[in-house]
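**Q** Handing you this structure, nothing more for now.
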Amino acid sequence: MILVREEERDKAEKAKNRLLAVYIAIACLFVAAALLLLFLSPDDYRPYMIGTIFITIAFGFYSVFFFSVQFDCALKRYRLLEKVLGALPEKEYGVFLGEDDPLTYEGVEMRTLRFEVLGSERVVHLLQGELSLQSGTKYLLEIHAGVLVEIGECNEKAFS
Amino acid sequence: MKKRFLDSLPSDWVKYLIIVIVSVVLWVWVFGLYHAPKETEKLEVFFAGEVKDHSFEDVAAKAVDGVKKVTLSVAYPWWGNAFDEKYSVVALTASDVVIVPKEIAKDTDCKRAFAELSGMGEPFVQEGVQYGAYLSKERKEELSAYFKFEYENYVVFAVASSLNSGQATDHSFKLIEWLLG
């Protein structure tokens, strides 16, 4: 079962670019509105100035939220996918031990799975996909940069 | 997303605060700059005496169309040399309209300093030309709410070198008309 595909990276890149395009459009609207209020303001300009201050604060708050949360989140997901898909694959057999609380890895929150691989415990991150694993069952894992990319049922015959 | 936003608040609150302060300071400055009165939209009135109420500046600015700001500068005639200095530097060169007692007006070389006024109020004539106009008693009484008139007669002039005395606008003459009532 493939958990991370090439298309995911393209999707993440598109999502990142779309967010940026929306931000640029909103920034242009803000600049246009602010300049319009400035140039249309009469001699008694106070209400226009207060209006401009309010839209500037709103845009400023959105910018902080955008760059520190929204866009940052999309960018980190894209970078992680690029890293994962570009990393060397490791194929291992592992016995599923259990699942810990989700952890933030490379800025992206992921499920944390524990496997016993070659007699020692190994933590593997699951980026996406509804995966239900049975404790004590052996699986064939394909791991890229610590992230589970593909999982399959164990075929002991093929292994031996 | 909401969780990430809430998580970012403790570290990002300073940014939000800076945005509020910068927005207010920036736009107050920009609007102030954009609406700052041009040279032709402000008038400087020189008064030889004491000003009782500076609200005259607002009243006068409203009285003349196209003028956004009127400022008063004063010098007391009893200052002697200091008055002469300020009168020649501020009143005769940098001001637009001058209000001085008749005694000072007589000692001024009006030809060099003031624009000609014709048909305005009771004329103040020097060398056969009307340069100023006397403030009438009624008008003096009305304006005494703003100015302390300590002399019998006061004369109003338009400074010749001012942009507003016919070079670019005639705001000085309009203000004088309003002053004369």
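The values are calculated or read from the model by the stated rules, or taken from the named source; none is laboratory data. No experiment lies behind these values; they were computed from the predicted model shown. Every residue, glycine as well, gets a Cβ built from its backbone with ideal geometry; the counts of neighbours run over all protein chains shown. What goes into the accessible areas is simple: the full protein's heavy atoms, side chains included, and nothing from ligands, DNA or RNA. Shrake-Rupley method; radii C 1.70, N 1.55, O 1.52, S 1.80 Å.
**Q** Would you mind pulling out the separation of the Cα centroids of region A:36-73 and region B:106-176, in Å?
**A** 49 Å
**Q** A further question on this structure: For region B:1-116, what is the largest minus smallest coordinate of the Cα atoms on each principal axis, given in angstrom and ordered from greatest to least?
**A** 81, 31, 24
**Q** Residue-wise, which Karplus ³J(HN,Hα) couplings in Hz belong to region B:148-153, taking 6.51 cos²θ - 1.76 cosθ + 1.60, θ = phi - 60°, and x for glycine or proline?
**A** Result, rounded to whole Hz: 9, 8, 9, 10, 5, 10.
**Q** Let me ask something additional. In Å², what does the accessible area per residue of the protein assembly as shown work out to with a 1.4 Å probe?
**A** Accessible area per residue: 56 Å².
**Q** Would you calculate the separation in nanometres between label points at A:PHE67 and A:THR137, each defined as 7 Å from the Cα along the Cα-to-beta-carbon direction?
**A** Between A:PHE67 and A:THR137, the label points sit 4.7 nm apart.
**Q** Would you kindly find the accessible area of B:LEU180, with a 1.4 Å probe and non-protein molecules such as ligands, DNA and RNA excluded, rounding to the nearest 10 Å²?
**A** My reading of the accessible area for B:LEU180 is about 30 Å².
**Q** Can you list the equivalent-ellipsoid semi-axes of chain A, largest first and in whole Å, using the square root of 5 times each Cα gyration tensor eigenvalue?
**A** Semi-axes from the Cα gyration tensor: 51, 15, 10 Å.
**Q** Still on this structure, please answer the following. Apply 1/(1 + (r/R0)^6) to the Cβ-Cβ distance of B:LYS52 and B:ASN81, taking R0 = 22 Å, and write down the FRET efficiency to the nearest 0.05.
**A** In this case the efficiency is close to 0.30.
**Q** If you take every residue apart from B:VAL59 with its C-beta less than 12 Å away from the C-beta of B:VAL59, what net charge results, scoring Lys and Arg +1 and Asp and Glu -1?
**A** -3
**Q** Would you mind checking the radius of gyration and Dmax of the protein assembly as shown based on alpha-carbon positions, in Å?
**A** 39.4, 127
**Q** Check B:ASN153: other-chain or 5+ apart residues with amide H under 5 Å from its amide H, H built from backbone geometry?
**A** B:LYS102
**Q** Mind ranking A:CYS73, A:CYS28 by accessible surface for me, highest first, 1.4 Å probe?
**A** Largest accessible area first, the residues go A:CYS28, A:CYS73.
**Q** With a length cut of 18 Å (Cα positions projected on each helix's long axis) and a Kyte-Doolittle mean of at least 0.5, go through chain B and give me the DSSP H helices that pass.
**A** Long hydrophobic helices here: B:2-34.
**Q** Something else now. Going by alpha carbons, how many degrees (0 to 90, nearest 10) lie between the helix axis of A:71-86 and the longest principal axis of chain A?
**A** 30 degrees
**Q** Moving on to the next point. Between A:ASP100 and B:VAL90, with labels modelled 7 Å along Cα→Cβ, what's the label distance in nm to one decimal, could you check?
**A** Label at A:ASP100, label at B:VAL90, 7.8 nm between them.
**Q** Placing unit charges on C-beta atoms (Lys and Arg positive, Asp and Glu negative, everything else neutral), compute the dipole magnitude of the protein assembly as shown about its Cα centre in debye, rounded to 20.
**A** 660 debye
**Q** If you don't mind, there's one more thing I want to ask. Can I get the semi-axes of region B:39-180's equivalent ellipsoid? Compute them from the C-alpha gyration tensor as square roots of 5 times the eigenvalues, in angstrom, largest first.
**A** Over the Cα atoms of region B:39-180, the semi-axes work out to 19, 18, 15 Å.
**Q** So which trypsin sites (Lys or Arg not before Pro) in region A:4-69 pass both tests, a DSSP loop state and at most 16 other Cβ atoms within 10 Å of the Cβ?
**A** Qualifying residues, ordered by number: A:ARG5.
**Q** Counting only DSSP beta bridges with both residues in region B:34-181, tell me the antiparallel percent, nearest 5.
**A** Of those bridges, close to 60 percent are antiparallel.
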